[in-house]
Each structure stands twice: as C-alpha cells, then as structure tokens.
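Read the figures in this text as sums done on the coordinates, not as results from a lab. Here the structure is a predicted model, which means the values were calculated and not measured. Positions of Cβ are generated from backbone atoms using ideal geometry, with glycine treated the same way; all protein chains shown enter the neighbour counts.
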Amino acid sequence: MSQVTIFEMGLRDGLQNESRSVRLEDRLSLAQNLLKSGIRELELGAFVREDKVPQMAGTSELFQKIGKPAKNTRFWALVPNLKGFERAVQSNVQSIAVFTAATESFAQRNIGMSIADSYAVFKEVIQEAKRRKITVRGYLSTAFGCPFEGPVSAKQALKGVDQLMKLGVFQVSIGDTIGMGTPKMVEQVVKPALKKYGAKKIALHFHDTRGMAAANALRSFDLGARVFDTSVGGLGGCPFAPGATGNLATEDLVFMLEGMGVKTGIDLDFLARSSLSFQRKINRGLTSRYLTAYASQQKTRIANDSH
Ligand code: MG
C-alpha cells in the first residue's frame, strides 16, 4: 500500500512546455511505461486548441489508444472550458482537471481570462462533469509567486484554494509555477490547507526553478501532505520562465521518499530506464538529478565491465 500518491504530469504539464512535439506513439509508450513503473494517477494530455498548443494535439487519439484504465488507476486530461470538456466526454475521459491561478495577471496571460471568469467557466464544467460522474481536480498556479506580480501571500493562495473547493473539485493541486516557494512559505500555505481540508484533498505541485522543489516537498510531507504532482525526468518548465527547469522530477521525489522508508508504489529502476529511453525521443537531456546520476553510473559500470 502506497503512503504517498505520485500524480504524474509529464505527458501534459511536461510535454506542453517542450519546444518540439513528441510523436503520438512515443507518448503512448511513455504512458505505458509509467503505468508499468507503478504510476496510478496519470495525466495524459489536454483538450486545448491544437493551433495554440500543438504539443497536445492527438490527446483524444492517445486516450483511445491507451484504452480504459485498470482498477485503482486514473487517466486525467486538462480541460480549459466547456468546449474542451465536450471533447473529453467524446473521448470517454473519466477524470478531468481545470486550471486557474492565484494571481490576476497570470490568469490573464496564461488562460486569457480573469480569475472570476475562470470560476464562472469552471462552475458550468463542474456541473456537467458531476452529472456524468466525471471526477474534477483543480489546479491553482502561481500560489507562491507570479512572474508578473512577484511573491504571493499565503492569504491570497489560500483564498484560491477555498474558491476551487467551493466549486466542488475533489482535490486542489497547489502549484509553485515558477519555483519561488521556500519551505517557510510552503508551510504557511500547506499547514492551514491540510488542517481545513485533509491530506486527500490537497496536492502539491512544485517546480525546481530555483532548486527548492525537493525541499518544499519534504516540508509538505512532514506537515502531512501525501499527494505530489511530479513530471517524469523533470520534463516541463514554464513559458514565462524560459530556460528554467521544470516540475519536480518523479525520479527525484521517489528516490527521496523511498530513501526515507516511505512507500510510493513506484519501481524506480524501471522508471529510470524508461526515462532514459524516452530522453532519446526529445532533443535534450532531462533535468532529473537522480536520472543524471543513474545514467553516469550506468556508463561507469559499462566501462568497468569492458576492462
Ligand atoms: Mg507544472
């Protein structure tokens, strides 16, 4: 039984931030390997405009090809509005996510709506989803810092969490979109959020932009958080923080937690091998520290064997 739930976002939050699109068959084989490694919460894609986010084109095909999730497994898709929701329904998606921000300027720039308008849109989406027994998760981005407004207060972040909860999402993922959070800031948001809503309803989504992702995850774990969003290999980034590293890498978090004796349900060795083979499909090195060390260790082993 896993003590921590790893919510894998590489195929969506990761790939949508890659400059090149990855072929559908490579996305499918990555998804299948993630499932084999033990991932049970898997975000597969987004029903967004393909002309604006070409990396997410073919999401419905991906859902079709991968088939129904096994028991205790969920396949998620991001939907920005009712139109995206209709496409998700057509693809038989059972678990969807909606996305807003804690800061007004980020909401405007990223989803093209005010925060208030995004809630009005989600209200409709969530009503429809409930009617169809579809589970909805909510993302709150820029919860610790905003590229346009700077640091975000705990009060402002918690207000966003409350608003999403009020709409009826099953869980809120609190996102440090540009990696501005430090453990103390994290504590000021996570502690009251966990107290109010409990560990099942709160997820943490850290970015490693300033190298704080593992520290922030550890602080959250110590405070009782048990759901973490991660991205295989550390895929991803933020369009407003060019060149920055992406999400907390799945491998890095699993390494830390398993090293602490915490069960994640993930086979780290299998995952690392799969990530290294995926790395060849995208034109760059993945940023996961664990993976980098794993790859160089393998090289050393090969060199030793050949002596
Ligand atoms: Mg992210």
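A few points about this structure:
- When segment 126-153 is filtered for residues that are part of a loop (DSSP other than H, G, I, E, B), within 30 Å of Gln94 (Cα to Cα) and away from the ligand (no atom under 16 Å from the Cβ), the ones remaining, listed by number, are Arg132, Lys133, Ile134.
- Residue satisfying condition, being within 16 Å of the ligand (Cβ to nearest atom) and either more than 23 Å from Leu15 (Cα to Cα) or of a type in the set (Asp, Glu) (or both), within set Asp269, Asp305, Asp252: Asp252
- Criterion violated by Gly261 - all others in (1) of a type outside the set (D, E, K, R); (2) within 16 Å of the ligand (Cβ to nearest atom); (3) over 28 Å from Val53 (Cβ atoms) satisfied: (2)
- The set of residues from segment 29-40 being surrounded by 18 or more Cβ atoms within 10 Å (Cβ to Cβ) and free of Cβ contacts under 8 Å to residues at least 60 places away in the same chain comprises just one member, Ala31.
- Enumerated strands (runs of 3 or more DSSP E) restricted to segment 1-93, each holding at least 1 residues that are touching a helix residue (DSSP H, G or I) at 6+ places or on another chain (Cβ under 7 Å), within 16 Å of the ligand (Cβ to nearest atom) and under 23 Å from Ser118 (Cβ atoms): 41-46, 74-78
- Residues of segment 42-70 that are of a type outside the set (A, V, I, L, M, F, W, C) and crowded, with 21+ Cβ neighbours inside 10 Å: Glu43, Gly45, Gln55, Thr59.
- Screening Ala157 against (1) within 16 Å of the ligand (Cβ to nearest atom); (2) assigned to a helix (DSSP H, G or I); (3) within 21 Å of Gln94 (Cβ to Cβ) leaves a single unmet condition, (3).
- Where helices (runs of 4 or more DSSP H) sit wholly within segment 245-307, those with at least 3 residues that are within 22 Å of the chain's Cα centre (by Cα) and closer than 24 Å to Leu28 by Cβ occupy 250-259, 268-279.
- Residues in segment 22-65 that are β-branched (Val, Ile, Thr) and within 18 Å of Leu268 (Cβ to Cβ): 1 in all.
- Residue that is farthest from Glu149 (Cα to Cα), among those in segment 94-117 that are assigned to a helix (DSSP H, G or I) and not hydrophobic (A, V, I, L, M, F, W, C): Asp117
- Taking the criterion of being surrounded by 16 or more Cβ atoms within 10 Å (Cβ to Cβ), within 12 Å of the ligand (Cβ to nearest atom) and within 18 Å of Ala102 (Cβ to Cβ), the residues of segment 217-239 that qualify are Asp229, Cys238.
- Residues of segment 165-182 classified as over 20 Å from Glu149 (Cα atoms) and either within 16 Å of the ligand (Cβ to nearest atom) or over 17 Å from the mean Cα position of the chain (by Cα) (or both), total: 7
- Count of segment 90-107 residues which are touching a strand residue (DSSP E or B) at 6+ places or on another chain (Cβ under 9 Å) and more than 20 Å from Ile174 (Cβ to Cβ): 3
- For segment 183-216, taking the residues that are in a loop (DSSP other than H, G, I, E, B) and over 17 Å from Leu158 (Cβ atoms), the one that is farthest from the ligand (Cβ to nearest atom) is identified as Lys200.
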